[in-house]
1. Please list the three semi-axes, largest first and in whole Å, of the ellipsoid equivalent to segment 1-92, using sqrt of 5 times the eigenvalues of its alpha carbon gyration tensor.
2. Just subtract the alpha-carbon distance of R394 and T42 from 0.36 nm times their residue separation and send over the number in nm, one decimal.
3. What does the charge add up to near E39, with Lys and Arg as +1, Asp and Glu as -1, over the other residues with Cβ less than 11 Å from its Cβ?
4. Filter K33/K651; K33/K262; K33/K94 down to the pairs with a C-alpha to C-alpha distance above 28 Å, please.
5. In whole Å, how far is the Cα centre of segment 1-40 from that of segment 463-482?
6. Work out how far the C-alpha atoms of segment 252-388 reach from end to end along every principal axis, then list the three figures in whole Å, largest first.
7. Which aspartates and glutamates, if any, have their Cα less than 12 Å from the Cα of K319, not counting same-chain residues under 8 positions apart?
8. Between rounded, prolate and oblate, where does segment 383-424 land on the alpha carbon gyration tensor, with a ≥ b ≥ c its root eigenvalues, rounded for a/c under 1.5, else prolate if a/b exceeds b/c?
Amino acid sequence: MTHCPYCALQCAMGVALRDGHVEITSDQGLCQKGWTAGELLTNGSRLTTPLLYGRAAPWSAVLDHVADRVRELRAEHGPDAVAVFGGGGLTNEKAYLLGKFARVALGTSQIDYNGRFCMSSAAAASIRAFGMDRGMPFPTSDLAGADVALLAGANVAETMPPFVRRLPRLIVVDPRRTPTARLAELHLQPTPGTDLALALGLLHLVVAEGLADSAYIEQRTSGFEAVATSVSSWWPERVERITGVPVSRMREAVQLLKNADKAYILTGRGAEQHAKGSDTVSAFINLALALGLPGRTGSGYGCVTGQGNGQGGREHGQKADQLPGYRRIDDPAARAHVAAVWGVEPDELPGPGRSAYELLESLGTAGGPRALLVFGSNPVVSAPASSRIAERLRSLDLLVVADVVRSETAALADVVLPVTQWAEETGTMTNLEGRVILRRQALSRPAQVRSDLEVIAGLARRLGHDFPSEPGAVFDELRRASAGGVADYAGITYERIEAEGGVFWPCPGEDLAGTPRPMLDRFATPDGRARFVPVEHRPAVEEPDEEYPIYLTTGRLLAHYQSGAQTRRIGPLVDAAPEPFVELHPDLAEQLGIANGDLVRASSRRGAVECVARVTDAIRRDTVFMPFHWEGANRLTNPALDPVSRMPEFKVCAVRLERRDDAASGVEAG
Ligand code: SF4
């Protein structure tokens, strides 16, 4: 048994090779992406040979070259001259070993990963409120037993379809009438960038109408008075003016939540990927706390994690400010514990380093890294202001990319390392509900392909460090390194995971059960109470103006996953969604003289892209939507960062749209 290579639902599946074809089986139902995931294991687009400056070369020569260049650059510019960029799809073992490799073998503080672009705002807000970030602190099976769930900025009917079956009646907050919004009892369609004002308005109504759960607030929380005072000026008419959501709809939402015996508030990237994403999530958590939801069986707040190992990927040290076990790298006790497991002195551990976008933007600049090693990430497509990032990558002295396909980032690399895929390797993932699961190797791998763990250990050995490369051995070390941390895996073993169908962290001992619902008795704050956090709305960093008069928001499609590096190479998925497009309202289309199917140019202050227009009334008149699975959409997006999570403002920026024939000459697409 293994699990799907894509999203955080991590559906279980069987994989077998029959007559040269990979056969996938499942008794719980998969989405189209899961059913077709086997194609990339055998189709011609996967990488099977290491490449050194575009030419096939033996592994030993390629790794020797990387190690030599790393040594030279470190000698010339210091240890921070070499940077590492990881991914939220890497197994826990890979994320852990990559963090150790950066801190111990390279001695660099410059490591971060693409999960910074994914769940970091929800993580920051959860830690502020609950003292702990376990995206969903409850099994997803709890959701079906609730009366209602408010889903802010998550289009799960496309991103993780089987999850929809687990949901109760829905209130959906989304600027688009997505397939998920069509399933909802109530759809609130705010202006992009105004979710925070909407959450403040909903809380205002709860407080003003005496609907807050005062017994719960008294017993289980702190800080309510300050938040109640701060939302007093967010009266519904003011919120309607800012968000465009009618007061009657807000009242309906509050009534649905208040009349429910059990309810959930869930956030996704639509609410989180903003320069105020942490505050937006805090506002939704404040609403959940006022209604008395978190820390009760059958109710709560949760984040709908996106990437396959989005949860585990942020627990074990590939994030700039973290050490394994969800420890902080600036905490002396955490440093001492992890240093002892790694056999080094605490003072030798560098960090914290730059966050993902800041790291990418600094590449090749004065004082910035001269070399980058990328594992399981495609920032040329997925980073905001992506043309600038591609330029930074081109300026490096050394770019090394380990991947399964020649992604847009691998296409720029000096060294490309072909690595194993999900079904060809063993490792653990932590799904969106905090359940640690095991992907067992199901198929043999091509002869010239190595696992990321072998690549990392091979480079470490050349730099004078003996690292394990066998997944079980790496996991045992991870368990020791995480012991005593917030995300404590000490009691989790491969055997237990298989016997118990996954183990929820924290699990501090082999004789102790996992913890599906860690906040029932107390929250993970020093006094055990959840904290209300006062937050204020502010406009998007870039609002539409005369030059760029339209909001752009971005998101995902049913057929593709993240940067599309894998799914854009799978026949049935390409047939289902062959090309990028921009979605716009018929009124806006008429105003701009654009018809369905026209080639259009979308431009922002950061770049331009051409694609096909799709006219639909499922979107607001002032907003256009682009899927981000193809290189181009993120040329337009705004890299303004959240001050707490360092999340870029992916979900809202100002653009101009023109029919291709009308587009001003001299503006280069790209
Ligand atoms: Fe399940 Fe997500 Fe894979 Fe679809 S992409 S099969 S929802 S894990």
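The values are calculated or read from the model by the stated rules, or taken from the named source; none is laboratory data. Since we're looking at a predicted model, the values are computed, not measured. All Cβ positions, even for glycine, are placed from backbone atoms using ideal geometry, and neighbour counts span all protein chains on display. Protein only, heavy atoms only, side chains kept; ligands, DNA and RNA dropped before computing areas. Shrake-Rupley method; radii C 1.70, N 1.55, O 1.52, S 1.80 Å.
1. Working: eigenvalues 276, 71, 17 Å².
Output for segment 1-92: semi-axes of 37, 19, 9 Å.
2. Working: separation 352, 0.36 × 352 = 126.72 nm, distance 3.08 nm.
Computed gain between R394 and T42 is 123.6 nm.
3. For residues surrounding E39, the net value is +3.
4. Violating the 28 Å Cα-Cα cut-off are K33/K262.
5. 28
6. 57, 42, 24
7. D112
8. Taking the square roots of the gyration eigenvalues as a ≥ b ≥ c, segment 383-424 is oblate.
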